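What follows is a short report on a single structure.
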Amino acid sequence: MPITKSAKKAVRQNSKRKKRNLGYKRKIKSLEKEAMLLISQKKIKEVKDILPKIYKTVDKSAKKGIIKKNTAGRKKSRIANLINRKSSQ
């Protein structure tokens, strides 16, 4: 248990940040799952419509330090490659 005033404040800050970070991570995961589902159903047009949302969310979370820059790039690259592979088939 925190004893000092600054330690109590740090606990409050950590809990707020944790909620915000989990929100971003959940949003990224749900958008990725939605994209994968649409790709498996071969609905490439719909995936291309939600691709900017995915990019925006991933970039914002990388900017805020929730995920690392290379992780963001990897996620964006993998989704784009999947879309390109499925659309060429």
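Tell me the per residue accessible area of the chain using a 1.4 Å probe; a whole number in Å² is fine. Write out the running numbers ahead of the final one.
Values: 7020 Å² over 89 residues.
Heavy-atom accessible area per residue stands at 79 Å².
Give me the angle, in degrees from 0 to 90, between the Cα long axis of helix 5-40 and the longest principal axis of the Cα atoms of the chain, rounded to the nearest 10.
Helix 5-40 sits at roughly 10 degrees to that axis.
To the nearest 10 degrees, how steeply does helix 69-88 sit against the main Cα axis of the chain, on a 0 to 90 scale?
The answer is roughly 20 degrees.
Pairs of alpha-carbon atoms within less than 8 angstrom and 6+ residues apart define the contacts here; what relative contact order does the chain have, in percent? Numbers along the way, then the final one.
Working: 45 pairs, mean separation 25.1, N = 89.
Here the relative contact order equals 28 percent.
The list (i) -0.46, -1.12; (ii) -0.54, -1.09; (iii) -0.72, -1.09 gives values of log10 I(q)/I(0) by the Debye sum over Cα atoms at q = 0.12, 0.24 Å⁻¹, and only one came from this structure; which label was calculated from it?
The listed entry that was calculated here is (i).
Over the stretch 2-89, with every protein chain in place, what whole percent of the accessible area is carbon and sulfur at 1.4 Å, could you tell me?
Values: 3560 of 6820 Å².
Carbon with sulfur: 52 percent of the solvent-accessible area.
Do the alpha carbons of any pairs in Lys29/Lys86; Lys5/Lys29; Lys33/Lys60; Lys16/Lys60 sit beyond 28 Å of each other, and which pairs? Please report the intermediate quantities before stating the final value.
Details: Lys29/Lys86 21 Å; Lys5/Lys29 36 Å; Lys33/Lys60 19 Å; Lys16/Lys60 18 Å.
Table pairs above 28 Å Cα-Cα are Lys5/Lys29.
The values are calculated or read from the model by the stated rules, or taken from the named source; none is laboratory data. Computed from a predicted model, the values in this text were never measured in an experiment. What goes into the accessible areas is simple: the full protein's heavy atoms, side chains included, and nothing from ligands, DNA or RNA. Shrake-Rupley method; radii C 1.70, N 1.55, O 1.52, S 1.80 Å.
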